[in-house]
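Read-outs throughout are calculated quantities, based only on the coordinates presented, and are distinct from any laboratory measurement. Just so we're clear, the structure is a prediction, and the values are computed from it rather than from any experiment. Note that we place each Cβ from the backbone using ideal geometry, even for glycine, and neighbour counts take in every protein chain shown.
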2 protein chains.
Amino acid sequence: MNITFQPEEKTIEILPTQTLLECAHQGGVEIVATCGGKGRCNSCRIQLLDGEFTPPTDEDFRVLGEKRLRQGYRLACKTKVLSDGVVRVIPPISEQLHRILSQTEHEERPLKPDVSKRFLILPQRTEEHQSSDFEDVHEQIGVTEIDIAALRHLPSVLFESRREMTVVCWKNTVIGVEPGYTCERMYGLAFDVGTTTVVGYLLDLHTGQEIAVASALNAQTVYGGDLMSRITFAQQDRAHLQKLHERILKTLNEIVQKVCEQAGIDAQQIYEATIVGNTCMHHLLLHISPVHLGTAPYLAAVREQLVLSAKEFGLHIFPQARIVMLPLIAGFVGADTVGVILATALHTNDQITLAIDIGTNGEIVLGSKECLLACSAAAGTAFEGAQITHGMRGAAGAIDRVAIDDDVHCHVLGEHSAQGICGSGLVDAIAQMLDADVINCNGRLITPEDAEKKGVPIALRRRLRVDSDGKRSFVLMDAHQTESGEPLVITQQDIRELQLAKGAIATGIVMLMQRLGIAEDDIAEILLAGAFGNYIDIDSATRIGLIPDVPRERIRSVGNAAGLGAQLALLSSEAKDEATVIARRTEHLALTNDARFQALFAEQMRFPG
Amino acid sequence: MNITFQPEEKTIEILPTQTLLECAHQGGVEIVATCGGKGRCNSCRIQLLDGEFTPPTDEDFRVLGEKRLRQGYRLACKTKVLSDGVVRVIPPISEQLHRILSQTEHEERPLKPDVSKRFLILPQRTEEHQSSDFEDVHEQIGVTEIDIAALRHLPSVLFESRREMTVVCWKNTVIGVEPGYTCERMYGLAFDVGTTTVVGYLLDLHTGQEIAVASALNAQTVYGGDLMSRITFAQQDRAHLQKLHERILKTLNEIVQKVCEQAGIDAQQIYEATIVGNTCMHHLLLHISPVHLGTAPYLAAVREQLVLSAKEFGLHIFPQARIVMLPLIAGFVGADTVGVILATALHTNDQITLAIDIGTNGEIVLGSKECLLACSAAAGTAFEGAQITHGMRGAAGAIDRVAIDDDVHCHVLGEHSAQGICGSGLVDAIAQMLDADVINCNGRLITPEDAEKKGVPIALRRRLRVDSDGKRSFVLMDAHQTESGEPLVITQQDIRELQLAKGAIATGIVMLMQRLGIAEDDIAEILLAGAFGNYIDIDSATRIGLIPDVPRERIRSVGNAAGLGAQLALLSSEAKDEATVIARRTEHLALTNDARFQALFAEQMRFPG
């Protein structure tokens, strides 16, 4: 049978045993499946336009609701076909991720990249002279090695340029030879590879300046939103590892193209890329199976810094460019956390600092120059708006700020009417709902009756709804104000999702503090890293108990510190060495291995009173 | 127009501007062109069977003679077509090169290859344990690096083998991981890559024993027999370099297959290959253009030892196996000469030794532990039987020994009637003809009249012929004794070719002696290396003046010393280091650059009185 996917008008053959999601992926139609195709989220929803299909499943009912089902919406991961048909793919909310943080401030460090260019005029030789072309280069600049590809070009470049050329080196190895003087054209890339978002920074290695930044959604997202769903996918089939590997590489290569277009430079003049990311992203980029990372004892294949050529890595820059995978800490705590520590100088700080990088996987570091402790917390995708009824990313049309007094006031990103709510909006909303007493500290939405008893203002009370199944929700925005013409709600389930996410992070923080034997007052500073850390309202974050309740002046957003760490390593050979020291020194705490984890987690799910 | 090549029955389209040779090469029909398609040799001769062709050229007349032309023979490099046609390719004399020297004696050295295998049982780990799989390996055996490909296998091999595995290392780098115990299966290859012949030795690195040997004709030979014709071919077109590179790689890969079949082992268990060869072969193997090697100041691109992976090199053994290109001396004097010095221990010898490796390109080394001097001499292909009227390789059917008393007595290789004469037979014949006074010391064949005056025996006199053009020749074997039914002759031109070859070598020897300021008596020993050095009759070689006339007990054949050097480097890390010292220490003498070269060469063309 054949299925046509709108709006691409792509017709793909489908087997009766295949779901629409499997068929779409096989045929190259992109449908995001944040929960990994388990029927737990609505990211893969499609609309049936023509043909006969299997009836809606329990998951369809639960996730989409009756009204959407009547409109022909279904979960692609749960729907199979009974005849030829036509379906419509619901496009991702915005192709443009406006709010991915990519601009960061540079710490001042001496510019000393591993890449260097040297202009040489080699002496003319006679037959008496025994040395080789490479020895002539060695004699002038002391390099000791040469890549075979550079060696292949050396004789003809020397001949054609009349022995005037520019040599490109990485440390003590010649990686390229170019005729004439090209010293001022020398670029590098720093990548922060997140589970959901990848950011690439293009730096001029001659000046140290950032000249372009681009970000992209991690193309692996179609196979699952969080790390465990990617690992599960990799486990199913040997070919799946290949798919995950190809997709993350594709994402990086898209960024290469974007930054080169932005800056108007040739990708062949990018001679190094540094990469930070969690252990799973690190392994998938290197085509190392992450399967064993997902089962006890959760060991990485390698933690040391690795250096590959762009050619063997698969990045479309100068083929002999070096790809430096910064070192990992342990478990899922990867080079991104090493980057955070490097950028925030936690490892040289006298006072105890807590750094939290909130992403799909949250990483937490606590310590000072004496001792560093790190852990990872599976926050899931709630902070990114996934698995939330009307959740969306921080793009145009997203409610990103919520204030509640007698009624609800929402701020919408861009010049759009509201399409959904993003992470910072959700945290604001819950914090404000707690203050307005419409949620209790267990996270339970109160009934309209209880609200009346408690004296909740009338405008808020009318927003509290209980449907025929007894399911509770809170209308954040009425139907007439939204893009879809349907009310934008926060359901009891959405609040649970947020509690799980914040509970995971908060548990991690508490366990690190317990291990170090310190109290909240002992923390001199709390640093919020990552895109979410930059956009979240700090009062709201404290209110919901995501971060410890310390005086506000001790909490500060530090931007994309992981990405900044990658940039520092790109610009400085010494920073790379420091990264290795940081990775070795930082102790990893395996949370789920701790007997107290479950009890603590249950406790941290609650909101502060 | 279309040409069908017999006996392959392959029909190829041909343009009026193309020669039959060009057409054959384009269509994949193998026709050897020893002189590079210049009409100087008969190696590309074909027989016209049907169709119209351009008339015979001067070269066809000179090289093939009228009788052959009448029989339809032509030079493929000089013949174009006027209509569709059929031609017959003359097969190479023997596919099997019986007499390529490959068996050599081993010098006793401690077995210490760079490849090693270690069996490990890694401890079970718990979640508290922070280290990676690779660190667990490092902890047990101290390796510091791991190839990305090995790293990709590490987690699954550990899991499937229950943490019992064998690690393959090259120096301090893990290049492979294998489940279970595989330590006893560990092989290496040593290659001697000659201009005409390639020999590969398969060694068991566990025992140091040679377990298979195979040789093959260098597949580049179709584009020219000597180095300069290959370089000229590479110069014509960028694609030609690619062709030469692919052909030599193909030859090496054929040898890999042969030795693996012989020994019954899997090529995936070959973890290192050492390679020696002259500078041109070295560059072509690495896909470095040899074009600049062919013009003054004749500089190599690189001389240092290079190490590549088998995958990037293109050899079909274990992909992460290391290919070690031993270091070069200078000019055309390459790693083969380094191999000769290493194998003969010339560099540690108290007394002055002369080593001569006679091949298509001859290499000569003179010196002791005090000082080493080397040069290369373009001997051409005469010693290999090419460009000689009835020349052939040392295969079945070749006259390899000649004695002359009252008449001529020939020894033929194998159970064949004579098809031609090989190098050692030619040297014997000329030496004996000199003693029998049928050649004078200028290399001139005497007339039957002069022979009678000098009292040359009647049986020899009747072998002296002068054709209608005044061209002289000597019948070595009568028509009724030969395979073809035609007499086997040595022409005046053949004697000239031999004089050019021996003159080149002898000039090299004399110039090295002059540079060192020594006389023949100062040479303690003369070592003859290479296949030819092994088969040549030492008295004959001295008689024609190829080598200095020292007492016979001071001259000795040492077999394929270059190949032995490659084997020593494969079996011993220290021998590799020694090779680097040898390459650096040996001084190169550029012969043609010397003002005295022409005069000396003219002198050395003469035969000793």
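Some values worked out for this structure:
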{"read-out": "Chymotrypsin sites (Phe, Trp or Tyr not before Pro) lying in DSSP loop within segment B:297-343, provided at most 13 other Cβ fall within 10 Å", "value": "none"}
{"read-out": "Top positive-direction residue, dipole computed over the protein assembly as shown with Cβ charges, set A:I231, B:I526, B:I356", "value": "A:I231"}
{"read-out": "Copies compared at A:S468 - label distances in nm, ascending, label defined 7 Å from Cα in the Cβ direction", "value": "11.7"}
{"read-out": "Shortest-first nm distances, A:N593 label point to equivalent points in other copies (7 Å, Cα→Cβ)", "value": "6.5"}
{"read-out": "Integer Hz, Karplus 6.51/-1.76/1.60 couplings in order for segment A:48-59, x for Gly and Pro", "value": "7, 10, 7, x, 10, 9, 5, x, x, 8, 4, 4"}
{"read-out": "Eligible lysines near A:K117 by straight Cα distance, threshold 30 Å, same-chain separation 8 or greater", "value": "A:K171, A:K250, A:K258, A:K311, A:K576, B:K311"}
{"read-out": "Cβ neighbours within 10 Å from other chains - mean over B:282-294", "value": "3"}
{"read-out": "Neighbour net charge for B:L75 - beta-carbon separation under 13 angstrom, K R +1, D E -1", "value": "+4"}
{"read-out": "Per-residue [θ]222 nm for chain A (sum of -39500 (n - 2.57) over DSSP H runs n ≥ 4, rounded to 500)", "value": "-9500 deg cm²/dmol"}
{"read-out": "Nearest beta-carbon to the A/B symmetry axis - residue in chain A, distance in Å", "value": "A:E312, 4"}
{"read-out": "Estimated dipole of the protein assembly as shown in Debye, rounded to 20 [Cβ of Lys and Arg +1, of Asp and Glu -1, Cα centre]", "value": "1260 debye"}
{"read-out": "Average partner coverage of A:144-150, which counts Cβ from other chains inside 10 Å", "value": "3"}
{"read-out": "Lone cysteines, chain A (no partner Cβ under 4.7 Å)", "value": "A:C23, A:C44, A:C77, A:C169, A:C183, A:C260, A:C280, A:C371, A:C375, A:C410, A:C422, A:C441"}
{"read-out": "Candidate lysines - alpha carbon under 25 Å from A:K471, same-chain residues fewer than 8 apart omitted", "value": "A:K38, A:K67, A:K78, A:K453, A:K454, A:K502"}
{"read-out": "Positive-pole candidate from B:G339, B:S368, B:C410, dipole of segment B:306-422, charges at beta carbon", "value": "B:G339"}
{"read-out": "Within segment B:301-330, backbone nitrogen closer than 15 Å to the virtual label 7 Å beyond the Cα of A:E312 toward Cβ", "value": "B:307-315, B:318-324"}
{"read-out": "Proximal aspartates and glutamates to A:K243, defined as alpha-carbon separation beneath 19 angstrom and excluding residues fewer than eight positions away on the same chain", "value": "A:E22, A:E30, A:D226, A:E254, A:E312"}
{"read-out": "Two-site label geometry, B:D522 and B:E553: point separation in nm, points 7 Å out along Cα→Cβ", "value": "2.4 nm"}
{"read-out": "Dimensions (Å) - segment B:382-497, Cα atoms, principal axes, largest first", "value": "39, 27, 25"}
{"read-out": "Loop-resident sites, segment A:137-178, for trypsin sites (Lys or Arg not before Pro), counting at most 12 other Cβ within 10 Å (DSSP)", "value": "A:R162"}
{"read-out": "Cα→Cβ-extended label distance, 7 Å offset, between B:K112 and A:E22, nm", "value": "5.9 nm"}
{"read-out": "Net charge over other residues, Cβ less than 15 angstrom from the Cβ of B:I121 (K, R count +1; D, E count -1)", "value": "-1"}
{"read-out": "Sum of side-chain charges, A:L15 neighbourhood, beta-carbon under 15 Å (Lys, Arg +1; Asp, Glu -1)", "value": "-2"}
{"read-out": "Dipole of segment A:113-208, positive direction: furthest Cα of A:T207, A:C183, A:C169, with charges on the beta-carbon", "value": "A:T207"}
{"read-out": "Of every Cα-Cα pair in chain B, the percent that sits beyond 39 Å", "value": "35 percent"}
{"read-out": "Whole-number percent relative contact order across chain B, with pairs defined as alpha carbons under 8 Å at least 6 apart", "value": "13 percent"}
{"read-out": "FRET efficiency estimate (nearest 0.05) - Cβ-Cβ, A:K453 to A:E160, R0 60 angstrom", "value": "0.10"}
{"read-out": "Bridge type composition, chain B - antiparallel percent by DSSP, nearest 5", "value": "65 percent"}
{"read-out": "Cleavage-rule hits (trypsin sites (Lys or Arg not before Pro)) in segment A:556-609: DSSP loop, at most 13 neighbouring Cβ within 10 angstrom", "value": "A:R596"}
{"read-out": "Stokes-Einstein translational diffusion, segment B:1-88 - Kirkwood Rh over all Cα pairs, 1.002 mPa s, 20 °C, in µm²/s", "value": "170 µm²/s"}
{"read-out": "Derived scalar couplings ³J(HN,Hα) [segment A:162-170; Karplus, 6.51 cos²θ - 1.76 cosθ + 1.60; whole Hz; x for Gly, Pro]", "value": "6, 6, 10, 8, 10, 9, 9, 10, 10"}
{"read-out": "Label 7 Å beyond Cα on the Cβ vector: B:F61 copy-to-copy distances, nm", "value": "10.3"}
